[in-house]
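Enquirer: Provided herewith is a single structure, encoded as C-alpha cells, for subsequent inquiry.
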C-alpha cells in the first residue's frame, strides 16, 4: 500500500484496510481494551502505511476540556535580556494552538534567587496544570517539585538547562559542554600560540546554573585534554552583578594582576558587559566570545569588541517544547527525550544574514 496524500486518512479507512471494526481501531490507537497482538500489529502497520495523523483539533475540541500548560522561565532584565527570546517562541506556539482549547500559564522567576524559583513552582503546583515547560536553574529545588509532578502524573519538559536521570518528557536545548568546546576551538584558532585566556562568569548573586558550568568545563577540557602540550594560561573569575562596582572592579583587577589577555570567554549572554569594559578602557586586539543574539551583543559584535557569539535559537527551544508537550497530551505522541539546539557560530560578517526566528 502507498501512503495516501490526496485526502485525510480517517479511522474508517484504517478499519476497512484491516478488515476490522472502527471500535477495534480506536482501541488500538488509544491503547484501550484488549486487542489480539496480531490484529494490533496489523492495524499499526496500516496506520504507518496510510500515513494516518489524528485530527488534533477535533480531538481537543470534542473533549470540551481546556488543556493547561504552565511555562516556568526566568524573567528578563537589563542584566539578563536572553529570556526575552524564548517568549517569542512561546507566543508563536500560543497563537498556533489558540483553537485547540489550550491555555498557556506564564510564570516568571528571578534566576538569581532560589526562593523566587520555589515560590513560582509552589504556585504552579496549586494551579495543577496538565503539563509544565520548565527551566530548572536550581537543581535541588527542581528535584523537589518534579517529584510532585511525577506523583500527579503531570508531564514536564526542560528547556535551556538539562537534568539527567529524571522522569522528564524531554529536553530542548544545547549540548552545553560541546558548545564550550566549540568556543575553545574558535578561541584557539584566533589567538597566538600559548595564549593567556580569561573566563568571566557573571551573574547576580554569583548564581551559575549547570549549563554555565558545563560550558566552562567543555572550554577548559579542550585546552587541557586536546592540546596537552600547550602552555595556555586560563584564569577564571566570578563576578556578582548585584554589586554596583561590577564588572569594572573585578575586570580591572584581573588585568592589573595578569597584564593582559589574548582571549576572554563569557559562558552566557552577558558578554556585552565585558565588551562595555573593553570599550571604556580602550582595550583592543582581544578575542572575546560569548553566547546569544541579544541586542547589545549584536552591537558589540559589529564593533569588533565581541569576536564571535554562539547562538542556540532560544525561540525554537520554547516553541518546540510547548508543541511536543501538546502532542503528547492530545495525540499521545511519543516525545524524543533529547532535542539538541544548534551550536551556531555568529561573527560580524554573517550576523546580517542570520535569521534566528
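Values quoted throughout were computed directly from the atomic coordinates according to the rules given, and no laboratory measurement underlies them. All values derive from a computational prediction rather than experimental measurement. Cβ: placed from backbone, ideal geometry, glycine included. Neighbour counts: every protein chain shown.
Enquirer: Inspect all residues belonging to the range 108-124 and state whether any of them is closer than 30 Å to residue 65 by Cβ, surrounded by fewer than 21 Cβ atoms within 10 Å (Cβ to Cβ) and within 17 Å of the chain's Cα centre (by Cα).
Expert: Yes, there is a match, as at least one residue in the range 108-124 is closer than 30 Å to residue 65 by Cβ, surrounded by fewer than 21 Cβ atoms within 10 Å (Cβ to Cβ) and within 17 Å of the chain's Cα centre (by Cα).
Enquirer: A further question on this structure: I'm trying to understand the selection: among the residues of the range 146-167, which are touching a residue at least 12 places away in the same chain (Cβ under 8 Å), in a loop (DSSP other than H, G, I, E, B) and over 14 Å from the mean Cα position of the chain (by Cα)?
Expert: Listed by number, the residues that qualify are 152, 154, 155, 166, 167.
Enquirer: For the range 188-219, what are the residues that are part of a helix (DSSP H, G or I) and within 19 Å of the chain's Cα centre (by Cα)?
Expert: 210, 211, 212, 213, 214, 215, 216, 217, 218 - these are the residues of the range 188-219 that are part of a helix (DSSP H, G or I) and within 19 Å of the chain's Cα centre (by Cα).
Enquirer: A further question follows. Test residue 127 against the stated conditions and say whether it is touching a strand residue (DSSP E or B) at 6+ places or on another chain (Cβ under 8 Å) and surrounded by fewer than 17 Cβ atoms within 10 Å (Cβ to Cβ).
Expert: yes
Enquirer: Within the range 294-308, take every residue that is touching a residue at least 40 places away in the same chain (Cβ under 8 Å) and touching a helix residue (DSSP H, G or I) at 6+ places or on another chain (Cβ under 8 Å) and give me the one that is surrounded by the most Cβ atoms within 10 Å (Cβ to Cβ).
Expert: 301
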